[in-house]
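FYI, it's all coordinate maths here, none of it is from the lab. Keep in mind it's a predicted model, so treat the numbers as computed, not measured. Cβ placement follows ideal geometry from the backbone for every residue including glycine, while neighbour counts extend to all protein chains displayed.
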Amino acid sequence: MSAMPSHAFRDGPLTGIKVIDLSAVISGPFGTAMLADQGADVILVERADAPDIVRDSGPLLAGSGISAMFASMNRNKRTIALDLKQDAGRELLKELVRGADVVVQNFRPGALDRLGVGWSVLSEINPDLIMCSVSGFGADGPYSHRPAFDPIVQSIAAYPTVQTDDQGRPNLIATAVCDKATSMQVAQSILAALVARANGAGGQHIEVAMVDVAVHFLWPEAMWSDTYLEHTTDMPNLNEIYKLYRTSDGWAMVYSVATAAHWRNMCTALGRLDLAEDPRFADLQGRVRYGAEVNDEIQAETTKYTTADLVELMDRADVPVAPVNTRAAMIDDPHIRHRGLLVETDHPAVGRIRQVRPPARYSRTPSTLRRHAPCFGEHTDEILADVLGRTPDQVRSLRESGVVR
């Protein structure tokens with residue numbers, strides 16, 4: 001079987017895959033944005049009477065409906081605003097689904113079924129359809145009825161207690177980590193289902209619950225003390241030993257414990273060969289078990305250096321090291337700049353914006369930033385005409401009746 005020419009994937013490796021995105025906020029839209037970045041044609045379906053709340057979340061140019069967060073999570077998508085409470089709106093959705101590969105939704109469990117456009121209906125319309133249903137707590141269980149946002153899921157999944165400070169106070173992770181981890185699972189599970197379909201499995205329904213993802217994401221190292229059921233351990237948890245080090249003018253991260261070479265190189269560079277010979281720290285198990293003592297010894301040395309000098313010293317010694325960048329310093333970091341990670345584009349509603357390019361680099365099917373995040377209902381007429389074949393008069397009638405916006 002000969003390979004398809006690279007120009008057939010003009011927008012990225014998912015060129016030709018059609019996605020209907022019924023999701024809102026973060027857990028769904030960030031996942032579909034990943035698919036869109038990779039070339040999928042993603043049509044965002046918003047409620048005609050209630051645009052995505054993220055349009056107004058965070059920094060916002062008044063009246064634009066394009067918040068900074070929305071701009072990053074909904075680029076490369078087209079949008080249509082439908083009233084799914086009207087029969088005509090549901091029929092338009094069904095038409096879109098008939099020609100789609102994927103549907104993503106994060107309505108509360110059962111909501112789409114009550115509207116008459118749940119999995120049983122849509123899969124009958126399109127037997128090859130892959131549908132990913134995202135929710136906070138899943139379709140069953142004692143919490144399944146609850147609304148879920150990232151801090152709620154973090155709290156259920158014990159994230160704040162993993163982030164305790166020196167006084168034992170729990171802290172939320174100050175980013176939507178559970179939402180974004182879920183979105184990655186959404187994208188990955190859809191891609192796996194597309195591969196399975198290509199190999200003859202047909203369409204299928206995927207359920208992704210934020211709480212399931214959150215516990216899965218947390219488990220390997222944050223829950224290592226709860227993994228062995230028949231053995232006890234005196235190994236401290238990472239929140240007890242993962243520490244930044246103060247320098248004379250800021251903060252740095254020196255990660256010297258992982259390998260014997262890194263540990264000895266650090267000890268040599270700091271003039272602390274006594275630490276290299278200390279039997280407590282002779283292997284990785286010891287350096288983690290006595291992590292608090294390791295931190296105290298390293299901290300006693302790092303305050304003798306500026307951040308820049310410490311980074312240079314450790315780098316020369318081949319010890320993993322980094323300054324603790326501020327947000328502004330991260331943007332200006334020479335490596336971030338060299339990688340071309342941040343790109344600037346023009347948005348018709350808000351002007352010049354800065355975003356992160358798609359992180360994966362493909363040698364034959366590069367990803368593209370081809371569309372700005374859409375204004376509310378921006379592509380309604382285009383989708384009705386070009387995708388669904390409606391005439392101008394039909395479009396006008398649908399708009400007048402409030403079926404579309």
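Grab the chain and count how many Lys pairs have their alpha-carbon atoms under 30 Å apart, sequence gap of 8 or more, or different chains.
For the chain, the number of qualifying lysine pairs is 12.
By count of other Cβ within 10 Å, fewest leading, how are GLU46, GLU230 ordered?
GLU230, GLU46
Match the structure shown to one of the listed values [x] 11; [y] 30; [z] 18 of percent of Cα pairs over 40 Å apart, computed from it, and give that label.
From the options [x] 11; [y] 30; [z] 18, the structure gives [y].
In what order do ASP101, ASP283, ASP83, ASP346 fall by count of nearby beta-carbon atoms within 10 Å, going from fewest to most?
Least crowded to most crowded, the residues run ASP346, ASP283, ASP83, ASP101.
What's the exposure ranking of HIS145, HIS379, going from fewest to most Cβ atoms within 10 Å?
Ordered by Cβ neighbours within 10 Å, fewest first: HIS145, HIS379.
What does the C-alpha gyration tensor say about the overall shape of the range 245-323? Classify as rounded when a/c is under 1.5, otherwise prolate if a/b is larger than b/c, or oblate.
prolate
Report relative contact order for the range 245-323 in percent, whole number only (criteria: Cα-Cα under 8 Å, sequence separation at least 6).
49
State whether the range 288-364 is rounded, prolate or oblate according to the following rule on the C-alpha gyration tensor (a ≥ b ≥ c being the square roots of its eigenvalues): a/c under 1.5 gives rounded; otherwise a/b larger than b/c gives prolate, and the remaining case gives oblate.
The shape class here is prolate.
What distance in nm separates the simple spin-label points at LEU342 and ASP296, each placed 7 Å from Cα in the Cβ direction?
My value for the distance between the label points is 4.0 nm.
Taking 25 Å as R0, compute the FRET efficiency from the Cβ-Cβ separation of HIS231 and GLU277 and round it to 0.05.
Computed FRET efficiency for HIS231 and GLU277 comes out at 0.25.
Residue by residue through the range 238-254, which ³J(HN,Hα) values in whole Hz follow from phi under the Karplus form 6.51 cos²θ - 1.76 cosθ + 1.60 (θ = phi - 60°), with glycine and proline marked x?
Result, ordered by residue: 4, 5, 7, 10, 6, 9, 8, 10, 6, 10, 5, 9, x, 9, 8, 10, 10 Hz.
Below 8 Å between Cα atoms, with a sequence gap of 6+, how large is the relative contact order for the chain in percent?
The value is 21 percent.
Find the centroid of the Cα atoms in the range 70-128 and in the range 322-381, then give the distance between the two in whole Å.
28
Report, in deg cm²/dmol and to the nearest 500, the calculated mean residue ellipticity at 222 nm for the chain, where each DSSP H run with n ≥ 4 adds -39500 (n - 2.57) and the sum is divided by the residue count.
-10500 deg cm²/dmol
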